[in-house]
Amino acid sequence: MDFGDFGAWTSYRRIGREGAGEAARAAEEAGLTAFWLGGSPRLEDLRPLLSGSERLVVGTSIVNIWSYDPADLVAEFHALEADFPGRVCVGIGVGHPEATSDYRRPLSSLEAFLDGIDAAADPIPSDRRIIAALGPRMLAMSARRSLGTIPYFTAVAHTRFARATVGADALVIPEIACVIDEDVERARATARDYAKLYLGLSNYTNALLEHGFERSDIEGGGSDRLIDHVIPHGSAAEIAAAARAHVDAGADHVALQALGATGVPAAEWRALAAALR
């Protein structure tokens, strides 16, 4: 699939499902080429985003395997594919042990889930799905059984590690949350409010600890060093430079989550897309 270089990332918790069409149009008109829906959506939740745009590739980031039967996911994919051919990417992941009571043996459980997809009479092709992966074994599986990986809440060092792990042919598509605000303390406060949830999830904190950060960076809501690196803030040009650092580290596409706006962050997407041209 052709995702282009930069896309939009958001969730219905931020924009409301009723804002889906507006958000898709805003991202497309800004010049972004893909739209990623977070918040563990159902695949069918992509429909209003696809309807509201003409060319966007639209993906989940991610559907949670503990909430799905593989056969249902396959059926939902083909329903969307019939109406929006070639525009749907199925992002799949295992979530977090702190958030899912069913969480167990994530690697083998995801392998079994993918086996269930592939057992369908007309499965979701491997080049129409992508896997959320942080650690080396999950990254290796993402390259073997999908387009590649779509990691979340990671640093540039992780993007470099992911590229080295998946090889040259798989895709690496990191999400970057960012704050367009040149008031440093206010921007850090916005970033810390967002980061609070993720700094309490072991999958993310382990990845940070393995790629350049210390336990002291994670404690107390996140050190300035961690916040500034993982959630870049400042002018649109400064955030564009941070996004390009991921590209230089091996990212094929960067999904940009603009924080701080109420509702659809159309102005933020326009500013970021202009700075990235």
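The values are calculated or read from the model by the stated rules, or taken from the named source; none is laboratory data. Bear in mind that the values here come from a model prediction, so they are computed numbers and not experimental data. With ideal geometry, Cβ positions are generated from the backbone for all residues, glycine too; neighbour counts draw on all protein chains shown.
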LEU134: passes all of (1) over 16 Å from ALA255 (Cβ atoms); (2) in contact with a helix residue (DSSP H, G or I) (Cβ under 9 Å, 6 or more places away or on another chain); (3) part of a loop (DSSP other than H, G, I, E, B) but (1)
Do you know which residues across segment 218-258 are of a type in the set (Asp, Glu) and not in a helix (DSSP H, G or I)? ASP252
Answer with yes or no whether LEU80 is farther than 15 Å from ASP252 by Cβ, assigned to a helix (DSSP H, G or I), touching a strand residue (DSSP E or B) at 6+ places or on another chain (Cβ under 7 Å) and among the aliphatic types (A, V, I, L, M). yes
How many residues of segment 45-62 are under 15 Å from the mean Cα position of the chain (by Cα) and either surrounded by fewer than 21 Cβ atoms within 10 Å (Cβ to Cβ) or assigned to a helix (DSSP H, G or I) (or both)? The answer is 1
Of the residues ARG105, ARG13, ARG17, ARG42, only one is at pLDDT below 95 and surrounded by fewer than 18 Cβ atoms within 10 Å (Cβ to Cβ); which? ARG105
For GLU210, all conditions in the list (1) over 19 Å from GLY135 (Cβ atoms); (2) more than 19 Å from the chain's Cα centre (by Cα) hold save one; what is the number of the exception? (1)
Which numbered condition ASP169 misses (of (1) among the charged types (D, E, K, R); (2) in a helix (DSSP H, G or I); (3) touching a helix residue (DSSP H, G or I) at 6+ places or on another chain (Cβ under 9 Å)): (2)
Near pairs, Cβ below 7 angstrom, 6+ apart or cross-chain, from segment 63-85 (at positive phi and surrounded by fewer than 16 Cβ atoms within 10 Å (Cβ to Cβ)) to any residue that is in a helix (DSSP H, G or I) and not basic (Lys, Arg): none
